[in-house]
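Peer 1: First, the structure itself, so that you have it in front of you.
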Amino acid sequence: MDPAVTATLITTPTAILAAAVAYAAGSAQGRGSVDAVRRQQQREVYAAFLTAARRHKADIAEALAHAMEIHLARAAGEPLSPAEEEQRREAIAATARANPLDEPAALVFLEGPDELAYAALLIDQHAKSTRMLLAATPEHAGTMSRIHGRPMTVHDECRRLEGAIHRFTLEAQAHLNGTALRHRRHQRRLMRRLWPVEP
């Protein structure tokens, strides 16, 4: 056999193998770049949602403070002037009408994963319940009202909203830092310790 042909036949598998390895490395590098871009996009979406949720919670706390001022002034027999009370009522109504979490929550639902989408849904639901309570009882914000068939106060829902924001923060940290599985195992251990299952 011609030595040139033999040399070609011997080097061909090596060349094919080298090309395959180079392709696989390039493909993996491409996937890594796509994953990094997606992770950065998720980070921005989660951060925007958290910022909106915390700002809205602060607005709700301010509206609740206005409601308590009206209530305490009336209870003390020294009601606010009509202009002052109207100003506070309008601030409460504006917060109750607001719905600033719809768009950032929708982006979290699109980005996922399911754990983050569910955590965002909890924040959105508690925020809506709080706004409904503010609208229903603006001057008696500490009293019981019924939303979705269960008694609650604005204070109760504010605490639930704060807990939901904390949960979302933990889930986002776990997902972005690649510790989701370890994070959930820790949560399960903590829940078993706090609420042990009866044998």
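Peer 1: First measure r as the distance between the Cβ atoms of Thr179 and Ala135, then evaluate 1/(1 + (r/R0)^6) with R0 = 35 Å and state the FRET efficiency to the nearest 0.05.
Peer 2: Values: r = 40 Å, r/R0 = 1.14.
About 0.30, to the nearest 0.05.
Peer 1: Hey, with R₀ at 35 Å, roughly what FRET efficiency would Leu121 and Glu90 work out to, going by the Cβ-Cβ distance, to 0.05? Could the numbers behind the result be given before it?
Peer 2: Working: r = 30 Å, r/R0 = 0.86.
Rounded to the nearest 0.05, the efficiency is 0.70.
Peer 1: Using the beta-carbon distance between Thr51 and Ala83 and R0 = 41 Å, what value does 1/(1 + (r/R0)^6) give for FRET efficiency, to the nearest 0.05? Don't skip to the end; give the middle numbers.
Peer 2: Working: r = 34 Å, r/R0 = 0.82.
Step by step, r from the Cβ atoms, then E = 0.75.
Peer 1: Go through 80-93, 158-171 and give me the packing order, highest mean Cβ count within 10 Å leading. Walk me through the intermediate numbers first.
Peer 2: Numbers: 80-93: 14.4, 158-171: 17.6.
Peptide ranking by packing, descending: 158-171, 80-93.
Each reported figure results from applying straightforward, stated rules to the coordinates on display, with no laboratory input. These figures come from a predicted structure and were not determined experimentally. FYI the Cβ positions are ideal-geometry reconstructions off the backbone, even for glycines, and counts take in every protein chain you see.
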